[in-house]
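A short reminder: the numbers here are calculations on the coordinates, not readings from a lab. These numbers were taken from a predicted model, which means no experiment stands behind them. Using ideal geometry, Cβ is built from the backbone for each residue, glycine included, and neighbour counts are taken over all protein chains shown.
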């Protein structure tokens, strides 16, 4: 049996713990970003998903050159 090559897929959405780890922030700061519409998110019941592209745009806006 011939096996195909498996390629990694970049995540588009992060859960709360992944978003906090990616940003290196607390849950309170992540909530503040969400409540102030600084990052995009989707909600499914109690689960909140943070858009990775939106997080990266936020980080680029905060970059000091």
* To the nearest 500 deg cm²/dmol, what mean residue ellipticity at 222 nm is calculated for the chain from DSSP H runs of n ≥ 4 alone, each contributing -39,500 (n - 2.57), summed and divided by the residues? -> -12500 deg cm²/dmol
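In what sequence, highest mean first, do 12-20, 40-48 appear when ranked by Cβ atoms within 10 angstrom?
12-20, 40-48
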* To do: Between residue 25 and residue 47, take the C-beta separation as r, use R0 = 22 Å, and let me know the FRET efficiency to the nearest 0.05.
  => 0.70
* Can you tell me the relative contact order of the chain? Whole percent, Cα pairs under 8 Å, sequence separation 6 or more. => 33 percent
* State the extension gain, in nm to one decimal, for the chain segment bounded by residue 1 and residue 35, taking 0.36 nm per residue of separation less the distance between their alpha-carbons. => 7.1 nm
* Tail fraction, Cα-Cα pairs, the chain, threshold 18 Å, whole percent -> 40 percent
* What spacing in nm lies between the two simple spin-label points modelled at residue 15 and residue 60, each 7 Å away from Cα in the Cβ direction? -> 2.8 nm
